[in-house]
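Visitor: Quick one: the structure is below, and I'll ask about it shortly.
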Amino acid sequence: MIYTKDLCKIYSQGSEQHAILKGISFTVQQGEYVAIMGVSGSGKTTLLNILGCLDTPTSGTYLFHGQDLSQFTSRQLAKFRNQHIGFIFQNYCLLPRDTVYSNVELPLLYRNLSSKERKHRVLTALEQVGMISKAKALPTQLSGGQRQKVAIARAYVGKPSILLADEPTGNLDAKSTAEVLAIFHSLHQSGTSIIMVTHDPHAAKAAGRIVTMDKDQGRFLA
Ligand SMILES: Nc1ncnc2c1ncn2[C@@H]1O[C@H](COP(=O)(O)OP(=O)(O)OP(=O)(O)O)[C@@H](O)[C@H]1O
Ligand SMILES: [Mg+2]
């Protein structure tokens, strides 16, 4: 489903160039659950942002279901992202003034769906993460673990091909971490592909495959 070949990312600061990703060649099959580990600064977020079309590589190939995303216009990429990718951030990134319901509904507003269908999907997603009783709450009225569950519902509500999660349990205690991992497990069981960046070896074990970024090489360790 995901195929990258020699992905590179170089940041220029003045006359200096910093190569962060130095040739990532990586494949993820449909239905896989992959954990990405590696020390701070090794480029995990940079890679995930490229895979999630939030950023573009300096060079290299990125195919998604055989489609070459480097050829897409920004408008095509935005549509592609909305339909195929669910992103989950360490700090939730919910809209603070919108209710839980509205936050989860947001990705569906860009789809051609009736309001009845949207409502059905939002309530189903909230049910799946155990947050239906908080539909009318504001994110500020929730704990970190509850916010992350809402963020997962938002990422999943549009039935994306893949969930990309950047340290989704990084701010959570052990109990909330276990709850979030249990939700990922059940989404994976029902066929969702997942890539999760994590510093937590215990969380990484939940995935079917672990790959490790090497800071100096800017590549995955073999
Ligand atoms: N927009 C940017 N401009 C310049 N350098 C950047 C930019 N974004 C990231 N970097 C640099 O790229 C390197 C990799 O950053 P990245 O955030 O991908 O690491 P990470 O593996 O996710 O680290 P962490 O585990 O701390 O989240 C860092 O040295 C960072 O300073
Ligand atoms: Mg990071």
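The values are calculated or read from the model by the stated rules, or taken from the named source; none is laboratory data. Owing to the predicted nature of the structure, the values given are computational and were not obtained by experimental measurement. Positions of Cβ are backbone-derived with ideal geometry, glycine not excepted, and every protein chain shown enters the neighbour counts. When the accessible area is computed, the model is the full protein with side chains, heavy atoms only, and any ligands, DNA or RNA have been set aside. Shrake-Rupley method; radii C 1.70, N 1.55, O 1.52, S 1.80 Å.
Visitor: Give the range 1-28 a look and list any residue that's under 17 Å from the mean Cα position of the chain (by Cα) and either near ligand 1 (Cβ under 10 Å from one of its atoms) or in contact (Cβ under 8 Å) with a residue 60 or more places away in the chain (or both), or say none.
Guide: Result: Met1, Ile2, Tyr3, Phe26, Val28.
Visitor: Among the numbered conditions (1) over 22 Å from Gly66 (Cβ atoms); (2) away from ligand 2 (no atom under 13 Å from the Cβ); (3) touching a Lys or Arg at 6+ places or on another chain (Cβ under 8 Å), tell me where Ser42 comes up short.
Guide: Going through the list (1) over 22 Å from Gly66 (Cβ atoms); (2) away from ligand 2 (no atom under 13 Å from the Cβ); (3) touching a Lys or Arg at 6+ places or on another chain (Cβ under 8 Å), Ser42 breaks only (2).
Visitor: Looking only at the range 124-144, count how many residues are surrounded by 18 or more Cβ atoms within 10 Å (Cβ to Cβ) and part of a helix (DSSP H, G or I).
Guide: Summing the residues that are surrounded by 18 or more Cβ atoms within 10 Å (Cβ to Cβ) and part of a helix (DSSP H, G or I) in the range 124-144 gives 5.
Visitor: For Cys93, which of the numbered conditions (1) more than 26 Å from Arg209 (Cα to Cα); (2) within 16 Å of ligand 2 (Cβ to nearest atom); (3) open to solvent by less than 10 Å² (accessible area, probe 1.4 Å) fails to hold?
Guide: Tallying (1) more than 26 Å from Arg209 (Cα to Cα); (2) within 16 Å of ligand 2 (Cβ to nearest atom); (3) open to solvent by less than 10 Å² (accessible area, probe 1.4 Å), Cys93 fails exactly one: (3).
Visitor: Wholly within the range 145-222, which strands (runs of 3 or more DSSP E) include no fewer than the required count, namely at least 3 residues that are open to solvent by 10 Å² or more (accessible area, probe 1.4 Å) and within 22 Å of Lys9 (Cβ to Cβ)?
Guide: 209-214
To keep it simple, each residue is scored yes or no on (1) touching a helix residue (DSSP H, G or I) at 6+ places or on another chain (Cβ under 6 Å); (2) among the charged types (D, E, K, R); (3) assigned to a strand (DSSP E or B).
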position	(1), (2), (3)
Tyr3	no, no, yes
Ser25	no, no, yes
Ile36	yes, no, yes
Gly41	no, no, no
Ser70	no, no, no
